[in-house]
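Peer 1: Take a look at this one; I'll ask things after.
The values are calculated or read from the model by the stated rules, or taken from the named source; none is laboratory data. Only a predicted model underlies this, so the values are computations on that prediction, with no experimental measurement involved. Quick reminder, even Gly has a Cβ in these numbers, built from the backbone with ideal geometry, and neighbours come from all protein chains shown.
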Amino acid sequence: MARDRSDEQRRWDEEEERHYWESIEDDRRAEEERKEAEKASAIETMENWFHENFEDPQIQMPRDSEDQVFLYPYGGPYEAGDILHDTFNHEFDAAWIVEAAERITDVGTFEWAPTSNSEYYEHPEPEDETSAQSAPQTAELTRDILDRLAQLEATVAALPTSPTNLGHNQPPEDIGLPPYTDEDAGEITAAIVETRAALEAPAPDPVEVARLSTRFEAVRAKIGPWLAKKGDLAVDKLIENSIAAFTWAKAFGLVGSIVLLLKALSHSLLSG
């Protein structure tokens with residue numbers, strides 16, 4: 001009988017020990033699940049907050065057509081990792097912040113622009129004495145741009161899209177023909193029309209004005225290298241029915257001045 005009680009006690013002890021370790025394992029698993037849920041919630045919180053305050057620059061930001069980079073007139077660019085660390089480093093684990101940043105950049109975007117309702121969005125300064133004085137400057141810039149657009153329109157009308165009757169006097173290979181096709185002519189005309197429309201709006205959009213400057217920059221970048229090769233006026237004799245070099249130079253100069261004026265106007269509109 002004593003032996004039976006001893007066996008029964010041993011089985012009881014073993015069962016109690018098994019339950020003990022199972023409870024330890026259950027507690028460990030429950031703690032892991034709690035931490036995973038806390039981590040998932042933290043990452044979701046950071047992702048939602050970030051997308052409320054930042055967006056892909058393709059949505060609103062203009063692009064520099066020559067350098068193929070975005071312009072950020074309202075602040076930025078911002079990187080997700082830096083912003084999340086600055087905002088949540090006292091609230092969440094650093095590894096969670098890194099993971100949230102990686103999830104955000106999984107779409108392939110690494111530089112972000114602020115949304116219009118974000119505290120990071122750089123609104124134009126409130127009107128003060130300086131901004132009040134910018135109104136005449138804005139009007140003057142607008143008049144100068146419209147004047148140069150009219151000059152450019154008249155100048156490009158005289159630019160042939162392809163020289164004719166070259167005969168045996170082909171231009172030297174290192175100079176070549178002007179990089180000016182029917183498509184280029186249409187692009188310049190469209191840019192002129194869109195710029196006029198933007199400037200005639202009751203409240204011109206500074207971002208749109210900055211974007212339009214990049215269209216003229218693209219034209220200038222295309223003509224400039226050829227004009228530099230062309231060099232002196234004597235080369236024109238090799239292109240019998242082509243436009244004279246000074247007319248190309250005039251178009252080049254007008255496009256350059258329009259680019260500068262549009263950028264100055266965009267800045268003036270933002271500050272005013």
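Peer 1: Asn48 is checked against (1) touching a residue at least 40 places away in the same chain (Cβ under 8 Å); (2) polar (S, T, N, Q); (3) loosely packed, with under 15 Cβ neighbours inside 10 Å and fails just one. What number does that condition carry?
Peer 2: Answer for Asn48: the failing condition is (1).
Peer 1: Assess whether Ile83 counts as being hydrophobic (A, V, I, L, M, F, W, C), in contact (Cβ under 8 Å) with a residue 40 or more places away in the chain, surrounded by 12 or more Cβ atoms within 10 Å (Cβ to Cβ) and over 30 Å from Val259 (Cα atoms).
Peer 2: Here the answer is no, as Ile83 does not meet what is asked.
Peer 1: Look at the range 72-105 and say how many of its residues are within 22 Å of His123 (Cα to Cα) and in contact with a His (Cβ under 9 Å, 6 or more places away or on another chain).
Peer 2: Total meeting the criteria: 2.
Peer 1: Right, here's the next one. Starting from the range 17-39, take each residue that is surrounded by 10 or more Cβ atoms within 10 Å (Cβ to Cβ) and list its partners that are not β-branched (Val, Ile, Thr), counting only C-beta distances under 7 angstrom and pairs at least six apart or across chains.
Peer 2: Hits for this filter: Lys39/Trp96.
Condition check ((1) within 30 Å of the chain's Cα centre (by Cα); (2) at pLDDT below 60; (3) in a helix (DSSP H, G or I)) across all residues:
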residue	(1), (2), (3)
Pro163	no, yes, no
Ile188	yes, no, yes
Ala201	yes, no, no
Phe216	yes, no, yes
Lys229	no, yes, yes
Ala234	no, yes, yes
Val255	yes, no, yes
Leu265	yes, no, yes
Ser268	yes, no, yes
